[in-house]
Amino acid sequence: MGKPITTLFMLMSVDGKISTGNIDERDVDKDFPKIIGIKDGLKQYYEIEKTTDLFSMNSGKVMAKIGSNIKKENVSKISVSFIIIDNKPHLNHIGIEYFIKLSKGFYLVTNNRNHPAFEYKNEENFHIIYYENKIDFVDLFDKLKNKYGIKSMTIQTGGTLNSILLREKLIDKISIVIAPALIGGKETSTLIDGESLQTFDDLKKIKALKLIENKTLMDSYINLKYEIMNETKIE
């Protein structure tokens, strides 16, 4: 058993929001460029993003939200490979074809036997990782390393999936770019969502962090890097 070395890389507001609202029409990538006081430093996030791992884990919901299902002309292949978790499905045929054309490698993970991805079985760079029931993320990460040879991977999924991966001790590091913004909204997704903790035993699910780097960027942006201490000890 093993897994890739993983880094959760996200853009968030000072109050921890990774979206500007709780509907698909609201998104930091679409909305931050329109807001004075936020838009000026936003390009720094995308510059840092270019330096992340060549394997990127995302969710189909996030990819659909940012427009992957909209037909694009003249898609050029890049050196990044994508691992996309998609059960519903959120990606349609256009989205699947887009990632096949775009990615060096495209790995779609699903428990939906009717996912349109199954119609694309003969693409050399495309792999479907299917789970009959609930996706076993510990097993998935083991497969990604030992079957597909993925040694390191950047995670850029939504708050709910981030929570699952954190609870399963599958995230090693985090790199957060904090935008100078307060968004609010109790139903707006945060860096880590999922079920709230209630019992004393639930405290074991909390992960302490060790600060690796604290970098002040331009235009009031900050980049924080932490190592996650995945073995929680309660006194």
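Below, the figures for the structure above:
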item: Greater than 29 Å apart at Cα, pairs in Lys88/Lys205; Lys71/Lys104; Lys101/Lys207; result: Lys101/Lys207
item: Protein accessible area in the chain, 1.4 Å probe - carbon and sulfur %; result: 51
item: Ordering of 69-79, 83-93 by burial proxy (mean other Cβ atoms within 10 Å per residue, highest first); result: 83-93, 69-79
item: Span from the region 168-193 Cα centroid across to the region 120-143 one, whole angstrom; result: 26
item: Region 77-147, accessible area per residue, ligands and nucleic acids excluded (1.4 Å, Å²); result: 53
item: Accessible surface, 1.4 Å probe, highest first, among residues Ser175, Ser196; result: Ser196, Ser175
item: Cα gyration tensor shape for region 141-187, rounded if a/c is under 1.5, else prolate or oblate; result: prolate
item: For Ser59, distant residues with modelled amide H under 5 Å away; result: Ile85, Gly158
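The values are calculated or read from the model by the stated rules, or taken from the named source; none is laboratory data. Everything quoted here is computed from the prediction, not taken from an experiment. A quick note on method: Cβ atoms are made from the backbone with ideal geometry, for glycine too, and the neighbour counts reach across all protein chains shown. For accessibility, only protein heavy atoms count, side chains too; no ligands or nucleic acids. Shrake-Rupley method; radii C 1.70, N 1.55, O 1.52, S 1.80 Å.
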